[in-house]
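S.K.: The structure's right below; bear with me while I get my questions together.
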Amino acid sequence: MFDPFATVVRRINEPGTAAALRAAGPIVRAEAPAGGPVWIVTEEALARRVLTDDRLAKDPAYAPPSWDRWAAGLEPTAAEQPSLTTLDGPAHAALRKAHAPLFAARRIQGFADLIATIARRQLAALDGPVDLMADFTTRFPLTVICELLGVPADRVDQAVAACARMGAYGPSEFAAVMAAFADLAAAALEHGGMAAELRDRVPEGTSEEQVHYLLFGLIFASQITTDAALGFLVARALGDPSDDLVGEVLRQQPPAPFTLWRFTRAEVELAGVRLPERAPVLVDIAGINTAGAGADLTFGAGPHYCIGAQLAQLELRAVADVLAADFPDARLAVPYAQLRRVDRGMQGSRLVELPVLLRG
Ligand code: HEM
């Protein structure tokens with residue numbers, strides 16, 4: 001059986017494992033990266049049910065007891081560190097409510113000029129053949145989220161470095177990376193940006209340290225996803241353009257190919273398959289999106305729907321627009337079909353390199 005979580009380098013248009021996974025049924029049992037079974041949902045209607053099913057928990061406290069927390073890359077449990085991605089039910093709703101006005105569509109739309117200006121400035125600073133995956137796609141979304149939250153501009157390098165360390169970690173690395181993010185969060189809280197606004201809105205009893213963790217979540221979630229999407233977007237814009245570029249790229253190369261983990265609170269039956277208690281469940285977003293039925297789960301669905309969906313799309317549109325308006329002669333330095341991506345299982349796919357001549 002193929003491994004949907006394997007790290008594999010492929011050509012940009014080479015199919016991954018989604019079709020084979022889907023062919024295996026609406027819910028497929030595979031081997032989890034941390035060992036033992038995982039159930040992957042490959043069918044849209046079932047996926048939407050799973051994403052709103054309160055018999056499934058996001059809290060890693062429900063992860064299989066055999067899993068090593070570090071090998072599995074699990075977040076701290078909700079009891080250790082309450083967050084949007086690990087809470088469910090009323091506690092999650094309260095935290096969502098605290099975040100909601102910050103990321104509402106109209107509010108985010110108000111940053112369109114600022115975001116375009118950042119894109120223009122960062123692209124204009126690049127010269128000669130550049131690898132945009134190295135020099136732009138990580139820095140740009142981090143500059144934007146730092147600016148919005150109130151992290152001082154001279155701390156963006158620190159944010160880039162902290163995100164780069166998020167890949168593989170053990171207890172001591174995790175503590176060090178979290179300390180780096182906490183430092184950024186504390187710097188943001190000294191300013192009057194959205195970070196301070198969030199601190200004023202979180203449910204009573206939320207500690208300063210917990211607010212730091214929430215801010216870490218926003219910074220990291222906005223980087224890992226938008227970074228990858230920007231690579232595919234610019235590659236398509238220059239090598240294989242189409243009308244609805246942002247929508248198509250997000251649907252066809254969704255930056256989160258799987259949802260985050262969910263775990264059954266008790267034994268559950270899904271599509272005739274009996275899952276034991278504490279069974280890990282994922283939704284195959286990439287497979288469902290590309291199956292051809294017009295499904296779009298790029299930003300998830302249900303109560304955990306991506307809070308940054310508006311922001312991410314605005315960032316992508318800004319880059320596409322700035323590229324077209326300011327860099328009309330930009331071209332890929334290698335043929336589009338030769339670009340390579342690395343598929344990294346739950347971490348998503350990212351172009352290995354994106355060599356571009358911005359001025360032709
Ligand atoms: C193209 C870019 C992005 C994609 C494809 C994406 C995708 C997703 C998906 C699929 C989920 C749901 C995961 C699940 O239910 O297991 C999610 C949740 C989330 N996203 Fe995004 N995201 C993107 C950008 C962003 C940005 C820019 C932010 C920063 C504001 C962000 C912050 C979050 C947060 C905090 C959650 C957790 C929400 C919750 O559990 O209530 N994302 N995202």
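The values are calculated or read from the model by the stated rules, or taken from the named source; none is laboratory data. All figures in this text were calculated on a predicted structure; none of them were measured in a lab. Cβ coordinates were reconstructed from backbone atoms using ideal geometry, including for glycine residues, and neighbour counts include every protein chain displayed. Protein only, heavy atoms only, side chains kept; ligands, DNA and RNA dropped before computing areas. Shrake-Rupley method; radii C 1.70, N 1.55, O 1.52, S 1.80 Å.
S.K.: Out of the residues in segment 34-61 that are assigned to a loop (DSSP other than H, G, I, E, B) and within 16 Å of the ligand (Cβ to nearest atom), which is most open to solvent (accessible area, probe 1.4 Å)? Steps first, please.
M.R.: Initial filter on segment 34-61 (assigned to a loop (DSSP other than H, G, I, E, B)): 34-36, 42-43, 51-55, 58-59.
Next, from what is left, pick out any that are within 16 Å of the ligand (Cβ to nearest atom): 42, 51-55, 58-59.
Working: THR42: 3, LEU51: 8, THR52: 88, ASP53: 30, ASP54: 122, ARG55: 104, LYS58: 12, ASP59: 27 Å².
Checked segment 34-61; the qualifying residue most open to solvent (accessible area, probe 1.4 Å) is ASP54.
S.K.: Of the numbered conditions (1) open to solvent by less than 20 Å² (accessible area, probe 1.4 Å); (2) more than 21 Å from PHE136 (Cβ to Cβ); (3) charged (D, E, K, R), ASP296 satisfies every one except a single condition; which is it?
M.R.: Exception for ASP296: condition (1).
S.K.: Give the residues of segment 202-235 that are within 30 Å of ARG359 (Cβ to Cβ), over 16 Å from the mean Cα position of the chain (by Cα) and within 14 Å of the ligand (Cβ to nearest atom), sorted by residue number.
M.R.: Answer for segment 202-235, where residues must be within 30 Å of ARG359 (Cβ to Cβ), over 16 Å from the mean Cα position of the chain (by Cα) and within 14 Å of the ligand (Cβ to nearest atom): just VAL234.
S.K.: With within 11 Å of the ligand (Cβ to nearest atom), part of a helix (DSSP H, G or I) and at negative phi as the only criterion, which of ALA100, ALA94 stands out?
M.R.: After ruling out the rest, the residue left standing is ALA100.
Let's see how each residue does on (1) open to solvent by less than 20 Å² (accessible area, probe 1.4 Å); (2) closer than 20 Å to SER66 by Cβ; (3) without any contact (Cβ under 8 Å) to a residue 40 or more places away in the chain; (4) within 16 Å of the ligand (Cβ to nearest atom):
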site: ASP243; (1), (2), (3), (4): no, no, yes, no
site: VAL249; (1), (2), (3), (4): yes, no, no, yes
site: GLU267; (1), (2), (3), (4): no, yes, yes, no
site: GLY272; (1), (2), (3), (4): no, no, yes, no
site: ALA279; (1), (2), (3), (4): yes, yes, no, yes
site: VAL283; (1), (2), (3), (4): yes, no, no, yes
site: THR290; (1), (2), (3), (4): no, no, no, yes
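S.K.: Which numbered condition in (1) farther than 23 Å from LEU238 by Cα; (2) of a type in the set (A, V, I, L, M, F, W, C); (3) away from the ligand (no atom under 15 Å from the Cβ) is the only one that CYS306 fails?
M.R.: If we test CYS306 against (1) farther than 23 Å from LEU238 by Cα; (2) of a type in the set (A, V, I, L, M, F, W, C); (3) away from the ligand (no atom under 15 Å from the Cβ), just (3) comes out false.
S.K.: Go through SER222, SER242 for me and flag whichever is hydroxyl-bearing (Ser, Thr, Tyr) and not in a helix (DSSP H, G or I).
M.R.: Working: SER222 fails: not in a helix (DSSP H, G or I).
That would be SER242, the only listed residue that is hydroxyl-bearing (Ser, Thr, Tyr) and not in a helix (DSSP H, G or I).
S.K.: (1) closer than 22 Å to CYS306 by Cβ; (2) more than 13 Å from the ligand (Cβ to nearest atom); (3) buried (at least 18 other Cβ atoms within 10 Å of the Cβ): which one isn't true of CYS146, the others all being true?
M.R.: In the conditions (1) closer than 22 Å to CYS306 by Cβ; (2) more than 13 Å from the ligand (Cβ to nearest atom); (3) buried (at least 18 other Cβ atoms within 10 Å of the Cβ), CYS146 misses (2) alone.
Each row is one residue, and each column tells you yes or no for (1) more than 21 Å from the chain's Cα centre (by Cα); (2) among the polar types (S, T, N, Q); (3) part of a helix (DSSP H, G or I).
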site: PHE263; (1), (2), (3): no, no, no
site: ALA266; (1), (2), (3): yes, no, no
site: ARG278; (1), (2), (3): yes, no, no
site: VAL281; (1), (2), (3): no, no, no
site: GLY292; (1), (2), (3): yes, no, no
site: ASP296; (1), (2), (3): no, no, no
site: ALA312; (1), (2), (3): no, no, yes
